[in-house]
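One structure, pasted below without further comment.
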Amino acid sequence: MLILLSACSKPETKSMDVVATAYNSVKAQTANDPSIAAWGDTLVPGMKAVAISRDLLDSGLHYNMDVTIDGLEGKYKVLDKMNRRWVKKIDIYMGVNVQEARQWGKQYVTISYVPSE
């Protein structure tokens with residue numbers, strides 16, 4: 001008798017250490033419309049979204065993927081891309097609360113995600 005167990009196995013979660021900063025939907029922090037992300041999504045305060053450095057696209061992260069950030073609750077959606085000058089970095093969306101983003105500052109965090117097949 002042949003039993004296939006692969007359908008029951010959970011996909012492997014990948015983790016990586018990155019630099020995490022925060023950003024807001026304010027004109028001073030963006031080139032164009034502060035509420036429109038790089039892939040065209042409209043960012044709304046309260047959303048759990050992140051921007052990723054473009055090198056992370058080669059690491060298995062992609063648009064609309066869920067990521068968890070150690071130390072923060074819930075899952076965050078990859079909805080934005082950062083300028084090409086950044087590497088191994090994420091930017092956590094914090095609505096219009098500039099003070100909250102400044103308080104976050106720059107931290108080193110571990111993110112986790114399940115790569116697509």
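Taken together, the values in this text are just the output of simple stated rules run on the coordinates, not laboratory data. All values reported here derive from a predicted model rather than from experimental measurement. Glycine also receives a Cβ, built like all others from the backbone with ideal geometry; neighbour counts cover every protein chain displayed.
Any residue that is within 29 Å of Gln99 (Cβ to Cβ), touching a strand residue (DSSP E or B) at 6+ places or on another chain (Cβ under 7 Å), without any contact (Cβ under 8 Å) to a residue 12 or more places away in the chain and of a type in the set (Ser, Thr, Tyr) - is there at least one of those in the range 23-31?
no
If you scan the range 22-45, which residues turn out to be over 25 Å from Ser116 (Cβ atoms), part of a loop (DSSP other than H, G, I, E, B) and among the aliphatic types (A, V, I, L, M)?
Val26, Ala31, Val44, listed by residue number.
Within the range 17-33, restricting attention to residues that are among the aliphatic types (A, V, I, L, M) and within 12 Å of the chain's Cα centre (by Cα), which residue is surrounded by the fewest Cβ atoms within 10 Å (Cβ to Cβ)?
In this case the residue turns out to be Val19.
With touching a strand residue (DSSP E or B) at 6+ places or on another chain (Cβ under 9 Å) and under 23 Å from Lys14 (Cβ atoms) as the only criterion, which of Asp58, Asp91 stands out?
Asp91
Can you confirm whether Ile36 is of a type in the set (Val, Ile, Thr) and buried (at least 16 other Cβ atoms within 10 Å of the Cβ)?
Taking the combined requirement at face value, the residue does not satisfy it.
Against the condition surrounded by 12 or more Cβ atoms within 10 Å (Cβ to Cβ) and charged (D, E, K, R), how does Lys14 come out, does it pass?
So Lys14 passes the test.
Also, I was wondering about something else. Give the range 77-113 a look and list any residue that's touching an Asp or Glu at 6+ places or on another chain (Cβ under 7 Å), of a type in the set (Val, Ile, Thr) and under 19 Å from Asp66 (Cα atoms), or say none.
Val109, Thr110, listed by residue number.
Another question, if that's okay. Do we have any residue at all in the range 76-89 that's touching a Ser or Thr at 6+ places or on another chain (Cβ under 6 Å) and closer than 15 Å to Gly46 by Cα?
Scanning the range 76-89 turns up no residue that is touching a Ser or Thr at 6+ places or on another chain (Cβ under 6 Å) and closer than 15 Å to Gly46 by Cα.
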